[in-house]
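Inspection log for the structure reproduced underneath, given as C-alpha cells.
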Amino acid sequence: MAGNTLIDLMNISKTYGKDMVLDDFCLSIKENEFVTLLGPSGCGKTTTLRIIGGFETPDTGKVIFDGKDITKLAPNERQLNTVFQKYALFTHMTIADNIAFGLKIKKKSRQYIQDKIKYALKLVNLDGYENRMPDSLSGGQQQRIAIARAIVNEPKVLLLDEPLGALDLKLRQDMQYELIRLKNELGITFIYVTHDQEEALTMSDTIVVMNQGYIQQMGTPEMIYNEPQNAFVADFIGESNIIGATMVEDRLVNILGVNFRCVDEGIGNNVPVDVVIRPEDIDLVAPEKGIITGTVTSLIFKGVHYEMEVMANGHEWLVHSTDLSPVGSNVGIWVDPFDIQIMNKPESEDEEAVGYHE
C-alpha cells in the first residue's frame, strides 16, 4: 500500500525556447505507489519524469525527495533509476555485465554483484541468461534486462519512460502484468509515462492525466474512467459520448431536448453542462421503452462486443453492446441515471486546458 509522501514537485516551471512545457506544476507521489503520467504528445509528461530523474533542471520550483531538496543533484546521486523506451543495453557486453554495470561503478564486491545478478534475472524470469548477448534476445527480453539492470541498484523509485512502446501488443500486455508483479514484490515506487490509456488503467494505483503542461485530473483508474472532471479527460480515457446539455434541476438533465434522470445535485437550474455517457452504458431497447428513439446507422463487430452508431435527435450516439441491432432498425436508447456524468462547461479555452488544480 502507498505510504508517506516520497516526492514533491513544488511549483515547477520549464520552458524550451518560447514553449512553456510546465507552468507552476505541483505533484505529490507517495511511497510504494504506481503513478502513471498519462497524456498526448507534448503534454509535459516526459519532461516531468526527466526533472524527477535529474536529466532536466526546472527553470523555477523544487524537487523534494524524502524530505530533501534534490533539484540540483545529478541523476547518479538520486535514489532512483530510469528505464527508457530504447533499452540502451550495451551491445558488446553480456547480460551479466549489463546488469552489473552500475554496481561495478559503486565498487561493490564480486560476490555481492553475482548474487544481485542472479536475484535480478530470477525476478524478471530470465534465469540462466547471464552469458547471452543483448542482440540474441527478443524486444521483450531486452526490456526485462533493462529493468533488471535498474532493480539491482535498489532504487527507491523506478522511472519508466514509455518502456513498452516498442513491443508488439501481446508482449506489451504480458509486460504490463510483469511490471505489476515486480512492483508488488519489490515494494518500490513506480513512476510511469505513457500515452496509452489501457496501459494506465491496467497498471496504476494513481493516474495523472496531463494536457498542455497542466494536470487535468488525478485519481484512481476507476475514478478517472467513471468520473472524468472535464471533456478532455472523458475523451482521452476510453470512448465517450460527450453532449452539450442543460441541467434542468437537481437529478434532471435535458439532453437533445429530452429530459433524462441523473444523480447529480447542486449544479443549479437551467445551467449549461456537458454530459458524458460511456458507449457500454447505453442500452438499446424496444423504441417504446427508450427515453429517446433513433435509428442504427452503422455496425462493426469488435470481437468482445458490437460497436453501433445510432442517430437520435440529430446526434450520432456511440453504443457498445453484446446484443446486435442491425443497421436500419429503430431502437430506444435507455441510460441508467448513475451512468450519466455531468460536467461543468469550461468558460474559456484556458480553463479547458487547466481543468484541475490542487
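Structure summary
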item: Hits in segment 117-135 - residues which are open to solvent by 90 Å² or more (accessible area, probe 1.4 Å), within 25 Å of ASN184 (Cβ to Cβ) and assigned to a helix (DSSP H, G or I); result: LYS118, TYR119, LYS122
item: Matching option when the condition is more than 27 Å from VAL310 (Cα to Cα) and of a type in the set (Gly, Ala, Ser), among GLY257, GLY244, GLY238, GLY213; result: GLY213
item: ALA200 buried (at least 22 other Cβ atoms within 10 Å of the Cβ), without any contact (Cβ under 8 Å) to a residue 60 or more places away in the chain and either closer than 27 Å to ASP66 by Cβ or not basic (Lys, Arg) (or both); result: no
item: Selection status of GLN212, surrounded by 18 or more Cβ atoms within 10 Å (Cβ to Cβ) and on the phi > 0 side of the Ramachandran plot; result: yes
item: Subset tally (residues that are outside any helix (DSSP H, G or I), within 33 Å of the chain's Cα centre (by Cα) and under 21 Å from ASN125 (Cβ atoms)) for segment 89-105; result: 1
item: Strands (runs of 3 or more DSSP E) completely within segment 1-47 that count 1 or more residues being open to solvent by 50 Å² or more (accessible area, probe 1.4 Å); result: 5-16, 19-30
item: Unique residue being within 20 Å of the chain's Cα centre (by Cα) and at positive phi when the list is GLY67, GLY44, GLY53; result: GLY44
item: ASN76 vs. criteria touching an Asp or Glu at 6+ places or on another chain (Cβ under 7 Å), surrounded by fewer than 16 Cβ atoms within 10 Å (Cβ to Cβ) and not in a loop (DSSP other than H, G, I, E, B); result: no
item: Condition check for ASN259: touching a helix residue (DSSP H, G or I) at 6+ places or on another chain (Cβ under 6 Å), without any contact (Cβ under 8 Å) to a residue 60 or more places away in the chain and over 25 Å from GLY39 (Cα atoms); result: no
item: Residue check for LYS86: under 27 Å from SER204 (Cβ atoms), modelled with pLDDT under 90, assigned to a loop (DSSP other than H, G, I, E, B) and open to solvent by 20 Å² or more (accessible area, probe 1.4 Å); result: yes
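One line per residue, one yes/no per condition, for (1) under 31 Å from the mean Cα position of the chain (by Cα); (2) closer than 23 Å to GLU198 by Cα; (3) part of a strand (DSSP E or B); (4) small (Gly, Ala, Ser):
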residue: GLN229; (1), (2), (3), (4): yes, yes, no, no
residue: ALA234; (1), (2), (3), (4): yes, yes, no, yes
residue: GLU239; (1), (2), (3), (4): yes, yes, no, no
residue: VAL253; (1), (2), (3), (4): yes, no, yes, no
residue: ASP264; (1), (2), (3), (4): yes, no, no, no
residue: VAL273; (1), (2), (3), (4): yes, no, yes, no
residue: VAL276; (1), (2), (3), (4): yes, yes, yes, no
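The values are calculated or read from the model by the stated rules, or taken from the named source; none is laboratory data. Nothing here was measured: the structure is a model prediction, and the numbers come from that model. Using ideal geometry, Cβ is built from the backbone for each residue, glycine included, and neighbour counts are taken over all protein chains shown. Heads up: the accessible areas ignore ligands, DNA and RNA and are worked out on the full protein's heavy atoms, side chains in. Shrake-Rupley method; radii C 1.70, N 1.55, O 1.52, S 1.80 Å.
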